[in-house]
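For reference, the structure discussed in these notes is given below.
The values are calculated or read from the model by the stated rules, or taken from the named source; none is laboratory data. Note that this is a predicted model, so its numbers are computed, not measured. Here the Cβ positions follow ideal geometry from the backbone for every residue, glycine too, while neighbour counts run over all protein chains shown.
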Amino acid sequence: MKDMQPHTPAHAPDGPLLRVEGLSKHYGARIGCADVSFDLWPGEVLGIVGESGSGKSTLLSCLAGHLTPDAGQVIFETRGGPRDTVQMAEPERRLLGRTDWAFVHQNPRDGLRMGVSAGGNVGERLMAVGARNYGAIRETATDWLGRVEIDAARIDDRPRQFSGGMQQRLQIARNLVTGPRLVFMDEPTGGLDVSVQARLLDLLRGLVRDMGLAVIIVTHDLAVARLLAHRLMVMKDGRVIEHGLTDQVLDDPQAAYTQLLVSSVLQV
Amino acid sequence: MNAPHHDPDYNFAYLDEQTKRMIRRAILKGIAVPGYQVPFASREMPMPYGWGTGGVQVTAACLVPEDRLKVIDQGADDTTNAVSIRRFFQRTAGVAATEKTTEASVIQTRHRIPETPLTEGQILVYQVPIPEPLRFLEPRESETRRMHALADYGLMHVKLYEDIARHGAIATAYAYPVEVEGRYVMDPSPIPKFDNPKLGDNPAIQLFGAGREQRIYALPPYTAVRSLDFEDYPFDPSKADHDCDLCGASGSYLDEVITDDQGSRMFVCSDTDYCETRRDAGHRGRFSPPEVQA
Ligand SMILES: Nc1ncnc2c1ncn2[C@@H]1O[C@H](COP(=O)(O)OP(=O)(O)OP(=O)(O)O)[C@@H](O)[C@H]1O
Ligand SMILES: [Mg+2]
């Protein structure tokens, strides 16, 4: 059981990688997420859980710059110092999106180019940041296919010819190839068979540990949260109602809603 | 049909002055931002879209009565498409026509750049079917616009990567993408990649018109143009390993012509004016017919 715990970050860094302050997003009169604040440290995995419609995806999209929040700050420790990414000009934010950040979608179709070979999918981020040596790009792509357990012989196949689990692993390779420091994941194991999920989770755990990635992962599945996340935020109606170490939140939930959430899952 | 003055039933060069001004504004903007696709309100022209209505509108907006117009299609002045566009402007603008590259002030082209080097003061107008070089991999217009705005061109190299992965070399032979002045990636229209080196540092003004897609873009004189490639798969304009069988030219783009029903073939310059000019000057090729040798 012990080795099923998420690893603790290797070394204590100088400061948080991400500092979120009072982040809110409304859809007209409806709350998407409201007044969310937290810090994320390098190498740390933060899980966001909560029932459907609680604002998990809205929050993640605001953090990743896919949605513009109505209020709040998302301060990222860039290589040039801390910057509020909400206020950044779009070119800079997009550059961040293909270098230090990565986003893994629930549906691989949203995160892959289905008409492009596996190698081209993995190589795209490299080429986007200026890689211009075909041989080197291909070598890196081959290496990454191996790291996500896809046979190198499939490098020229299109993702359409891949199973759902393979597509998701390819999406992960495509995202991690440029060595990001922060990865956003929205239900990365949703929609997969249980056995396929387990393999993907093992793979993710290994990559997160080896690369020292900071991850913000949205999930319905508390088992996934327990396996991957160091800390958990519980959301309800767009607000964070509980926040703490994963084991504490799951084993000793304080909020009545979290107690309900935990018990209902454990009964399944 | 070949009236020396323009047909009084039409405004000069067919389009009304308001429309020509609108197109000229788009052209000027294109020249100011080389390689950037400027949207314009394309007009119905009395010919189908596939016939180069974008190029025709650009030409119409550029023409002045003193111009001498040359029109080529795949390098030839005498194809149906080239002839009908030339006649169209002879009739509606009354401008002089020529087949000589050196004599033309405006050249409208489909799929070629003349072999004879262009000079300052000349305008080369390209007919463009699909102006968007990223369309192949990204169908969403909103997304390709954003990519251009942010110079987010990784996808363009993905296309070349896919070429090499599939064919062992960059198989793109036409409409080979270029980067303009280190900024915009541009589709040079379906010219053979053989012509790509002529795009850059050219003394002439190069204008590109896409009618159906309603876009105009431009290369002002002496613009830096680079064909995209990889370090280990450098751009190769791929010269034919033949000489022209009629004029002996060794550095021109050749068409393969079947000469009889036994399958005999010959290779001739696709640029008919270039070939004729050389033959008139006494150059001869392997199959120069005796009557030409006289
Ligand atoms: N594009 C949108 N327009 C209007 N309302 C939206 C939009 N997207 C989300 N919402 C609303 O915002 C709230 C939060 O939705 P969100 O998708 O963030 O929830 P979620 O926690 O990710 O849910 P799920 O677990 O079902 O994915 C919900 O009330 C939802 O209906
Ligand atoms: Mg969601």
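Note on the range A:53-77: among residues that are more than 16 Å from ligand 2 (Cβ to nearest atom) and over 18 Å from the mean Cα position of the chain (by Cα), the one that is surrounded by the fewest Cβ atoms within 10 Å (Cβ to Cβ) is A:Thr68.
Total residues in the range B:32-52 satisfying the condition of being surrounded by fewer than 18 Cβ atoms within 10 Å (Cβ to Cβ), modelled with pLDDT under 90 and not in a loop (DSSP other than H, G, I, E, B): the figure is 2. Screening the candidates A:Ala131, A:Ala153 for the property of being aliphatic (A, V, I, L, M), free of Cβ contacts under 8 Å to residues at least 40 places away in the same chain and not in a loop (DSSP other than H, G, I, E, B) yields one hit, A:Ala153. Please indicate, with yes or no, whether at least one residue in the range B:72-90 is of a type in the set (A, V, I, L, M, F, W, C), surrounded by 16 or more Cβ atoms within 10 Å (Cβ to Cβ) and in a loop (DSSP other than H, G, I, E, B). No, every residue in the range B:72-90 fails to be of a type in the set (A, V, I, L, M, F, W, C), surrounded by 16 or more Cβ atoms within 10 Å (Cβ to Cβ) and in a loop (DSSP other than H, G, I, E, B). In the range B:221-246, the residues that are free of Cβ contacts under 8 Å to residues at least 12 places away in the same chain form Cβ pairs under 7 Å with partners that are of a type outside the set (S, T, N, Q), at six or more places apart or across chains, as follows: B:Glu231/A:Arg132; B:Asp232/A:Tyr134; B:Asp232/A:Gly135.
Reported count of residues in the range B:220-276, each being closer than 22 Å to B:Asp73 by Cα and outside any loop (DSSP other than H, G, I, E, B), is 15.
Within the range B:98-114, the set of residues being of a type outside the set (Ser, Thr, Tyr) and surrounded by fewer than 18 Cβ atoms within 10 Å (Cβ to Cβ) comprises B:Lys100, B:Glu103.
So, B:Ala210, is that one in contact with a Leu (Cβ under 8 Å, 6 or more places away or on another chain) and either more than 14 Å from every other protein chain (Cβ to nearest Cβ) or surrounded by 15 or more Cβ atoms within 10 Å (Cβ to Cβ) (or both) or not? No. Pairing residues of the range B:76-105 that are on the phi < 0 side of the Ramachandran plot with residues that are of a type in the set (Phe, Trp, Tyr), at Cβ distances under 7 Å and at least 6 apart in sequence or on separate chains, gives B:Asn81/B:Trp51; B:Thr92/B:Tyr10; B:Thr92/B:Tyr14; B:Ala93/B:Phe12; B:Val95/B:Phe89.
How many residues are more than 16 Å from ligand 1 (Cβ to nearest atom), at pLDDT 95 or above and over 20 Å from the mean Cα position of the chain (by Cα) when one looks only at the range A:3-52? Summing the residues that are more than 16 Å from ligand 1 (Cβ to nearest atom), at pLDDT 95 or above and over 20 Å from the mean Cα position of the chain (by Cα) in the range A:3-52 gives 1.
Given A:Ala89, A:Ala71, which one is in contact (Cβ under 8 Å) with a residue 12 or more places away in the chain and either of a type in the set (A, V, I, L, M) or within 14 Å of chain B (Cβ to nearest Cβ) (or both)?
Being in contact (Cβ under 8 Å) with a residue 12 or more places away in the chain and either of a type in the set (A, V, I, L, M) or within 14 Å of chain B (Cβ to nearest Cβ) (or both) holds for just one of A:Ala89, A:Ala71, which is A:Ala71.
Of all the residues that make up the range A:159-191, how many are more than 14 Å from every other protein chain (Cβ to nearest Cβ) and either in a helix (DSSP H, G or I) or within 16 Å of ligand 1 (Cβ to nearest atom) (or both)? Within the range A:159-191, residues that are more than 14 Å from every other protein chain (Cβ to nearest Cβ) and either in a helix (DSSP H, G or I) or within 16 Å of ligand 1 (Cβ to nearest atom) (or both) number 21.
Does B:Glu143 satisfy the condition of being acidic (Asp, Glu), surrounded by 22 or more Cβ atoms within 10 Å (Cβ to Cβ) and in a helix (DSSP H, G or I)? So B:Glu143 does not fit the description; no. Can we say B:Gln57 is touching a residue at least 24 places away in the same chain (Cβ under 8 Å), closer than 18 Å to B:Pro131 by Cβ and in a helix (DSSP H, G or I)? Taking the combined requirement at face value, the residue satisfies it. When residues of the range B:230-248 are filtered for being surrounded by fewer than 17 Cβ atoms within 10 Å (Cβ to Cβ) and acidic (Asp, Glu), how many remain? Of the residues in the range B:230-248, 4 are surrounded by fewer than 17 Cβ atoms within 10 Å (Cβ to Cβ) and acidic (Asp, Glu). The set of residues in the range B:139-174 that are among the aliphatic types (A, V, I, L, M) and farther than 17 Å from B:Pro237 by Cα comprises B:Met147, B:Ala149, B:Leu150, B:Ala151, B:Leu155, B:Met156, B:Val158, B:Ala165.
Residues are listed down the side, and each one gets a yes or a no for (1) closer than 22 Å to A:Thr258 by Cβ; (2) surrounded by 22 or more Cβ atoms within 10 Å (Cβ to Cβ); (3) in contact (Cβ under 8 Å) with a residue 40 or more places away in the chain:
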| position | (1), (2), (3) |
| --- | --- |
| A:Thr178 | no, no, yes |
| A:Val183 | no, yes, yes |
| A:Pro188 | no, yes, yes |
| A:Val196 | no, no, no |
| A:Arg205 | no, no, yes |
| A:Arg209 | no, no, yes |
| A:Leu213 | no, no, yes |
| A:Ile217 | yes, yes, yes |
| A:Leu228 | yes, yes, yes |
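In the range A:166-206, of all residues being of a type in the set (Ser, Thr, Tyr) and within 25 Å of A:Leu96 (Cα to Cα), the one that is nearest to ligand 2 (Cβ to nearest atom) corresponds to A:Thr189.
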